[in-house]
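Visitor: Handing you a structure now.
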Amino acid sequence: MRHWWTWLIIISPAVVLLTQMVPLLVSIPCLDSWSFVQQYRELMEDRYSWEKFFAPNYVHPSAVGKSIYFGVLHYLDGNVAVLPILSWVFSAIIALCVYRLARPLWQAGWFPATLALCGATAIIFTAAQGEVWLWDFVFQNFIPGTCLAIGLWLLMAQPLSPWRVLIAAILSVISIHSFGAGYFVAILLCLPIWHGMHGQSFGRKIAFTICWLLVHGVIAYFALTAPGGSDKGPDGGAGLAAIFDRPVMRTQFVLIVLGGMLGKGTVIEPETLCAILGGALLAVFLVSVGFVVRHRKDRELTTSSLPWIAFSLYGLGSAGLISLGRMHNSVDNALDERFGTFSVFFIFGTLLLAATALREMAFSGSPWFPHARRAAAPGFAILVGAVLINWHVGVNLMHLKHSRIDQERALLTFARVMSLENNEWMDARITRKSSFGLSSFLADQGKLHGVEFAKDRTLASFKVGKKTGGKWARFNPPIDTRDGKWKLTGLGGLSVDDVADLILITAQGTTGPEEVVALAATLMPATFFERRKEVRANPEFYVGWSRTLEDSSLPKGVVTLRAYVFDQDKRVVHPIEGVHRLRDDQAGASIGAHRQSGAPDRKEL
């Protein structure tokens, strides 16, 4: 710790990320998390079984993730906001193991070591992962990588002892029951075990490796094929042989995944730039591995390089596995932020492997060192620039995810007075059909936070605030779809960088109160917080909302439709420009006519 202040620099990206994510956390389940809430409900109602517990969730074994999620629901009163913090903690454990394994880099001097480790920290904690740092469901993705990091730290310590191998075996089993890529951990931990068995016979090494892979392979087989799993998706049953289908497209997909945390936020198409950067990293990795293999008799070099090779292979293998389940007929899915929890291992592993190779070249006086050093400086500069640009993009994506979770929270306000039969909510990635019933269950258990249920659907249940301006919020004339439905559209913005929590559509007949008959959410694109000029120029694309309304859900006769912006925290609704009368041609007429009318006089707050 001669230069203790360098550690403040090294860990600074982790601290910055934590300060950025904590204010955005929302303590409600989101999207896929409701499947765990459903299983927790069955557990509380004594309808659960071990078969369901070990059944894969969306293809992936998730017994460990379920245990943690159930524990948070049960013992922390459903405060699921701690789970993204747990993702950060897992990343911190990975970083600590990396720092421990990177001790040989300090031999080259404190400055290059500080640069390399600060870069690795920025990659591990990159905000480019966006929604991952706020979504309570994705903490599971970090578990296998955490197990790999701890296992490498234990097994690289000399001498190799039986208890270290035993702990590594336990970590492998945990990773297998955490995610689909978990078996890679068991495979990769063979490398340090083989390395640690230096001096023992080749036959003994082979026998141990076969037994290790066989035992964990059987465990992985039963974990992946356990009965009762959820939908496997279009490519879920393709099998490993599909890795050889459409090789060009699959290679492109893998490269995009590898560079996915580095290639966004520029004028270049993300798919193109991510593939280029992923390919460049893969080239650096292969060259570095070739250098290590060429000097494999140098035990010090192989010992210091082995962890980074294992980390990189974990990221590379995961990218290949992701292509099996997510490629389908397009490479668009490769840019999903969730995949960053795996690709970061390839990025920082390649960075530290290259740094290790450069250190060895410098110490050995290799004639290639001057050329490698000249190439390393601009390469590292490009990497730092990409990390910083994508960090900014990731912060915007975090704000976007926060807004969407807030929309889901506002939607749950009506869980006890309305139903979610329309698939539009899932298609827009706002919530799932099951969320209304399950949120009511959580509330009964005192485990739902930040949601106050509406007592009924009448508008009188809410305070009416000032009317919103027509620039950002309006209700367009309904469109008759001629199949017993109305297509409702409009704008749901509050400003150039803010949108409504929820849009309430109300209906009022010739008699009876004004009631909420439909709910809508503003569908913000991923670039909402990046392109303010475009938001001003094309608000329909950036703050638009739409909803399909069944005519049978409306009162009979002439109906007046209005829309409101809902402020869930203040429990206030603000009228939106545009009031429309349906069936105004004749009382009780069927679909076919509407007339826009002026807003009625209302007493504003």
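Visitor: Grab the DSSP H runs of the chain that are 4 residues or longer, score each as -39,500 (n - 2.57), total them, divide by all residues and round the 222 nm result to the nearest 500 deg cm²/dmol.
Guide: One gets -17000 deg cm²/dmol as the mean residue ellipticity at 222 nm.
Visitor: Tell me, what HN-Hα J-couplings in whole Hz come from the Karplus equation 6.51 cos²θ - 1.76 cosθ + 1.60 at θ = phi - 60° for each residue of segment 17-22, using x for Gly and Pro?
Guide: Here the 3J(HN,Hα) series is 4, 4, 5, 7, 8, 4 Hz.
Visitor: Expressed as a rounded percentage, what relative contact order does the chain have, with Cα pairs under 8 Å and six or more residues apart?
Guide: This gives 14 percent for the chain.
Visitor: Would you mind calculating the gained length between GLU42 and TRP5 on full extension (0.36 nm times residue separation, minus the Cα-Cα distance), in nm to one decimal?
Guide: Contour length minus the Cα-Cα distance gives 8.2 nm.
Visitor: While we're on this one: Please compute the modelled spin-label separation between ALA375 and VAL417, points set 7 Å along Cα→Cβ, answer in nm with one decimal.
Guide: 6.7 nm
Visitor: Show the residues, 5+ positions off or on another chain, whose built amide H is closer than 5 Å to the amide H of LEU31.
Guide: Sorted by chain and number, the residues that satisfy this are ARG432.
Visitor: Using the basic label-point model (7 angstrom from Cα toward the beta carbon), what is the ALA207 to PHE363 distance in nanometres?
Guide: Distance between the two pseudo-spin positions: 3.5 nm.
Visitor: Given all pairs of different Cα atoms, what value in angstroms does the Kirkwood hydrodynamic radius of segment 455-582 take?
Guide: Averaging 1/r across every pair of different Cα atoms and inverting gives 15.0 Å.
Visitor: Determine the alpha carbon to alpha carbon distance for each of LYS433/LYS467; LYS467/LYS487; LYS463/LYS556; LYS466/LYS570 and list only those over 21 Å.
Guide: Beyond 21 Å: LYS433/LYS467; LYS467/LYS487; LYS463/LYS556.
Visitor: In sequence order, what are the phi-derived ³J(HN,Hα) couplings for segment 309-320 according to the Karplus relation 6.51 cos²θ - 1.76 cosθ + 1.60 with θ = phi - 60°, rounded to whole Hz, with x for glycine and proline?
Guide: With coefficients 6.51, -1.76 and 1.60, one gets 5, 5, 4, 5, 5, 4, x, 5, x, 5, 4, x Hz.
Visitor: Can you work out ³J(HN,Hα) from phi for every residue in segment 531-539, in order, using Karplus 6.51 cos²θ - 1.76 cosθ + 1.60 and θ = phi - 60°, giving whole Hz and x for Gly and Pro?
Guide: Ordered by residue, 3J(HN,Hα) equals 10, 5, 4, 5, 4, 5, 7, 10, x Hz.
Visitor: Non-local amide H neighbours of LYS485 (under 5 Å, H modeled in plane, Pro and chain starts lacking H): which ones?
Guide: Excluding prolines and chain starts, which carry no amide H, the hits are ASP551.
Visitor: Then there is this: What residues have an amide H closer than 5 Å to that of ALA518, excluding those fewer than 5 places away on the same chain, when H is modeled at 1.01 Å from N in the peptide plane?
Guide: Correct list: ILE505.
Visitor: While we're looking at this one, here's another question. Could you please state, rounded to a whole Å, how far the C-alpha centre of segment 16-82 is from the C-alpha centre of segment 469-536?
Guide: 32 Å
Visitor: Carbon and sulfur: what percent of the chain's accessible surface (1.4 Å probe)?
Guide: 61 percent
Visitor: Tell me, what is the Rg over Rh of the chain, with Rh the Kirkwood radius over Cα pairs?
Guide: 1.04
Visitor: Can you tell me the order of 492-499, 193-200 when each peptide is scored by its average per-residue count of other Cβ atoms within 10 angstrom, highest first?
Guide: Output ranking for 492-499, 193-200: 492-499, 193-200.
Visitor: Can you give me the C-alpha center-to-center distance between segment 324-338 and segment 110-166, rounded to a whole angstrom?
Guide: If we compute the Cα centre of each part, the gap is 24 Å.
Visitor: For ASP480 and LEU86 in the same chain, what is the full-extension length gain: residue separation times 0.36 nm, less their Cα-Cα distance, in nm?
Guide: 137.0 nm
The values are calculated or read from the model by the stated rules, or taken from the named source; none is laboratory data. Quantities reported herein were computed from a predicted structural model and do not represent experimental measurements. We place every Cβ from the backbone using ideal geometry, glycine too, and count neighbours over all the protein chains shown. Protein only, heavy atoms only, side chains kept; ligands, DNA and RNA dropped before computing areas. Shrake-Rupley method; radii C 1.70, N 1.55, O 1.52, S 1.80 Å.
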